[in-house]
Amino acid sequence: MRVDVVTIFGEYLQPLSLSLIGRARSQGLLDLRVRDLREHTHDRHRTVDDTPYGGGAGLLMKPEPWGEALDAVLDDPPPGAREEGPVLLVPGPAGEVFTQRTAVELAAEPWLVFACGRYEGIDARVAEHYATRVRVREVSLGDYVLNGGEVAVLVVVEAVARLLPGVVGNAASLTEESHAAEHDGLLEHPSYTKPASWRGLDVPPVLAGGHHGQVARWRRDQALRRTARRRPDLLARLPVERTDPADRAVLAEEGWVPGDDGRFRPTPAAVAD
Ligand code: JFH
């Protein structure tokens, strides 16, 4: 897979030379190229920012350097490029939320281009213009504000690259994850390794008991309880038909009961009289 990143802070992407992603690059599985936006300015101060029309605090990135930089990237396609060109990813707090599904979709592409904004983002005409030439996706990591797109690129590249064949050694771990459907979209159960006792904390005895049925039941209970407590949004999507009576007993303890729509809903709160 070819990945081009346009940024004014190329040093931010240095972690992509480390560990599994770094090795994927040396092995030729990932061709990651970083381009300095300022190379596409023409004034003495290499200016990339300007004040917003309509007023307001903060600065925006000017469109002209972006046009030159992205045209240069698009003019140098990888050998395997599709007719429709790359997907252009523009990180921003107003983008669609990046999820594992997004990562799976992007891992099927031969070419990704990232445009990293700074200040309060990039003049909106840049995304509008390139949407007439390539597939543009504005992506957000979640509902908090970063200082620029570079950290989002680190996250997206790591999540996508580990899905590429040969990047993660243990093929079984990926298969297990993709069987997330098998886990009904619940959070994982907690996991333990040796020693059996550490700082007065014991590994739950059921896990060392050698009874595979009891281990599976305990893990399922833990996954259900954690999901109910930490991620009610995920639990609300669990089909009642995917649960057995033991699941429903655990969920009732956590305050979730089957609703008419085939989904779980929180037990109505008790109200004082
Ligand atoms: C980025 C930044 C916008 C103004 C909320 C209301 C007003 C600061 C480029 C992604 C996620 C980002 C992200 C990605 C790219 C850039 C900083 C943008 C505003 C903020 C202030 C510049 C931030 N998931 N969070 N943040 N910024 N907005």
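Quick notes
- Entry note, the chain: relative contact order of 16 percent, from Cα contacts under 8 Å with a spacing of 6+ residues.
- The smallest convex shape that holds all Cα atoms of the range 139-273, its convex hull, gives 233 Å³ per residue.
- Amide H contacts under 5 Å for Leu32, placed H, 5+ residues apart: Val3
- Whole-Hz couplings from phi, Karplus 6.51/-1.76/1.60, listed for the range 6-11; x for Gly and Pro: 9, 7, 9, 10, x, 4
- Rg/Rg_ref, the range 18-91, where Rg_ref = 2.2 N^0.38 Å and atoms are Cα: 1.46
- The mean sequence distance of close C-alpha pairs (under 8 Å, at least 6 residues apart), as a share of the length of the range 71-210, puts its relative contact order at 27 percent.
- Helical content alone sets the calculated 222 nm signal of the chain at -9000 deg cm²/dmol, taking -39,500 (n - 2.57) per DSSP H segment of four or more residues and averaging over every residue.
- With every protein chain in place, the chain: carbon and sulfur % of accessible area (1.4 Å): 53 percent
- Rounded, prolate or oblate (a/c below 1.5 giving rounded, otherwise prolate when a/b exceeds b/c) for the range 74-147 by Cα gyration tensor: oblate
- Calculated translational diffusion coefficient of the chain (4 °C, 1.567 mPa s; Stokes-Einstein with Kirkwood radius over alpha-carbon pairs) equals 58 µm²/s.
- For Arg263, distant residues with modelled amide H under 5 Å away: Val240
- Using R0 = 35 Å, the C-beta based FRET efficiency linking His129 and Val257 works out to 0.10.
- Taking the average, over residues, of other Cβ atoms within 10 Å as the packing measure, peptides 190-203, 216-229, 75-88 rank 216-229, 75-88, 190-203 from highest down.
The values are calculated or read from the model by the stated rules, or taken from the named source; none is laboratory data. Since this is a predicted model, take the numbers as computed values, not measurements. Every residue, glycine as well, gets a Cβ built from its backbone with ideal geometry; the counts of neighbours run over all protein chains shown. Just the protein is used for accessible areas: all its heavy atoms, side chains included, with ligands, DNA and RNA removed. Shrake-Rupley method; radii C 1.70, N 1.55, O 1.52, S 1.80 Å.
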